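Following this message is one structure expressed as structure tokens.
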């Protein structure tokens, strides 16, 4: 038996308003005046001066606004890296991602691809990255994905949706400032928060579970229940606690894995471009068979917050399209093994998956 | 308001038997065949071949057995560093601490003092360390102190018991293998576990608390309750969970502080050499006034495990001796401020402390 030697984010700052310390934090990391910091920022913040005016740019530093309407792609990373290399005099001092899971994953991937040759798609998988990434900082502005703490960056490539899982992927620095999440619309808040909740259920009921993952998963789960089912928290407290739930949920899957919801949701993302958070919700809503208690609680949360999930998103799909989704989903073997045990292939078949997808 | 940018242990491995991976982990860190690894090992493991035979020594690597009967001292660190420098051809590749809080704190301090000039006592305080420590690994063999995760190494110096708190203090690598804790005697297990429990109570009831510390503290507290009050766990599960409780408890005080029990226990350690774990218990037992619920639960745990605390340890102390303890205790201002708020000086007086010490 060999255990993972897990890389943790080596620096973290937590606190309402801690975003103001970004300048002090990155200043010592500047390699030269010709080596800029590149800020990848969710374009929902364009013209939101309360945030943009506080991004500390100097010299040739650049802010690149990026839409998070679509899931991040390997080709998008390739384009970003090319344009960054072309427009900077020297290799950048660092990449700073400001946004949700999409922006954080892009920041991680760009920081890796600046020092690694070839195309991004070649690094999708486990431990394929050769060279350390450049310095990269994650600043979440929405909570739930766990992207701020994980050793993966999940990208949709030409052949699959799969993470670049490597010891060089985790951020060198994370800033947890819950104030940045204050304007997230309710639906987005719910879907992304549920990503954390679903992580936890998948981790806690999985066969890979150990005491490390369990303690983090239970903590995140308790926080989710408090945030999404009770009315006891102030807005600020709820934002701070969801930020911690996301962090702990991410830590929980370090030593375990996600499960059925993620495996099936990856299929939706790949074929239909469904965003990760809502995709997980659409799938999880139909997984009573695998996660009876978890789905029951999920439905209670959905009801409490008046969330209406899209229906029939697979209704018009051809058999060929369904097969593509099923293939993508079944290729995520560790997720199925975690969910259903070593003999998972006997328990889940393409036919079964097709029936499930057709309900969604 | 400025928040701490907290350094986390950048690598952690968790799992029963993961100690066997130590060789693979440190091999790439060897600087040359003349730059040995120095293993500082609790001398309770002398002749315990199940452990010592698995310490991977090569070339000039050395094992130094150290007693943990006494609290670690600054002078002890000075002596260790001198003897390591004298006996090695080149600066060591790393220091590996194997033991409880005492050994872990010694390993941290030695790794710092190999690269920093002068005497160890000069670095007791906050952020006084100038140069990065050499590579250092922490391998706890007893759970509770949180030393494996903290940015301090608490040492008794000629003038005070105080930590070397610095960004260079945390371990570069931690190995959490609960099997190493299997032979800890019951009393020691209880006292060290209660260090974690008391941390949590002090953190969760303190004025410095935030959502970060709270979530870690609550998780550790829940684990402590499960371990020390319920009978539902197997031995192995209880060992694994206590290891995680120690980890989370340590994380909890990152962003908060300990409180009255630690402040008073430092006085006992300084004057009487009382070990940290038992010292905390002796003090906490008399702190109903400050932590009514926490002390009640502590007494239930004590009863359940038939722990009899020493009594009257301060009975024969002179006024001068009591004054020394009181002075040491009151000098730990952040602990008092966390426990009692900004106006703590109005709430706790030397007279009050004297009365409390005399009960112990």
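Size of chain A along its principal axes in angstrom, Cα-based, largest extent first?
Computed over chain A, the largest-to-smallest principal extents equal 58, 48, 45 Å.
I'd like the orientation of helix B:260-272 relative to chain B: the angle between its Cα long axis and the longest Cα principal axis, in ° from 0 to 90, rounded to 10.
It is inclined by approximately 70 degrees.
Follow-up. What distance in nm separates the two pseudo spin-label positions at residue B:349 and residue B:303, each 7 Å out from Cα along the beta-carbon direction?
Taking the simple label geometry, residue B:349 and residue B:303 are separated by 3.5 nm.
Same structure, new question: Quick one: label points 7 angstrom along Cα→Cβ at residue B:90, distances to the other copies in nm, smallest first?
2.9
Here is a follow-up. Please give the FRET efficiency for residue A:2 paired with residue A:333, using the beta carbon to beta carbon distance and R0 = 22 Å, rounded to the nearest 0.05.
Working: r = 18 Å, r/R0 = 0.83.
Taking R0 as 22 Å, the efficiency between residue A:2 and residue A:333 is 0.75.
Sort A:58, A:329, B:232 so that the residue with the fewest other Cβ atoms within 10 Å of its own Cβ comes first and the one with the most comes last. Kindly include the intermediate steps, with their values, before the conclusion.
Details: A:58 12, A:329 26, B:232 9.
Sorted ascending by nearby Cβ count, the order is B:232, A:58, A:329.
How far, in nm, would the chain grow between residue A:225 and residue A:115 when pulled straight, counting 0.36 nm per residue and subtracting the alpha carbon separation? Please report the intermediate quantities before stating the final value.
Numbers: separation 110, 0.36 × 110 = 39.60 nm, distance 4.15 nm.
Length gained between residue A:225 and residue A:115: 35.5 nm.
Expected output is a single nm value to one decimal: the length gained when fully extending between residue B:57 and residue B:87, i.e. 0.36 nm times separation in residues minus the C-alpha distance. What is it? Intermediate values should be presented prior to the final figure.
Details: separation 30, 0.36 × 30 = 10.80 nm, distance 1.59 nm.
So the chain would gain 9.2 nm between residue B:57 and residue B:87.
Treating the angle as unsigned and between 0 and 90°, give the value, to the nearest 10°, between the Cα long axis of helix A:235-254 and the longest Cα principal axis of chain A.
So the inclination is approximately 80 degrees.
Follow-up question, since we're still on this one. Sort A:286, B:262, B:199, B:248 so that the residue with the fewest other Cβ atoms within 10 Å of its own Cβ comes first and the one with the most comes last. Write out the running numbers ahead of the final one.
Numbers: A:286 18, B:262 25, B:199 33, B:248 28.
Ascending Cβ contact count within 10 Å gives the list A:286, B:262, B:248, B:199.
Additional query: I want to check the label-to-label distance for residue A:29 and residue A:313. Put each point 7 Å from Cα in the C-beta direction and report it in nm to one decimal.
3.3
Identify which of B:147, B:315, B:220 has the largest mean-square fluctuation in a Gaussian network model of chain B, with springs joining Cα atoms closer than 10 Å.
Its mean-square fluctuation being the largest, the pick is B:315.
Shifting gears a bit: Shortest first and in nm to one decimal, what separations exist between residue B:69 and its copies in the other chains, measuring from label points 7 Å along the Cα-to-beta-carbon line?
7.4
Please state the Cα pair-distance histogram of the range B:186-358 with 10 angstrom bins from zero: what percent is in each bin?
Here the calculated profile for the range B:186-358 is 10, 39, 35, 13, 2.
Can you give me the angle between helix B:350-359 and the longest principal axis of chain B, using Cα atoms only, in degrees from 0 to 90, rounded to the nearest 10?
Roughly 80 degrees between the two axes.
Taking the DSSP beta bridges in the protein assembly as shown as the whole, what percent of them are antiparallel, to the nearest 5?
Details: 12 of 58 bridges.
The antiparallel proportion sits near 20 percent.
I need the Debye-formula profile for the protein assembly as shown: one equal scatterer per C-alpha, no solvent, reported as log10 I(q)/I(0) at q = 0.07, 0.09, 0.11 1/Å, two decimals.
-0.50, -0.83, -1.21
Quick one: label points 7 angstrom along Cα→Cβ at residue A:350, distances to the other copies in nm, smallest first?
8.4
We did not get these values from a lab; they are worked out from the coordinates using the rules stated. Everything numeric here is computed off the predicted structure, so don't read it as measured data. Cβ: placed from backbone, ideal geometry, glycine included. Neighbour counts: every protein chain shown.
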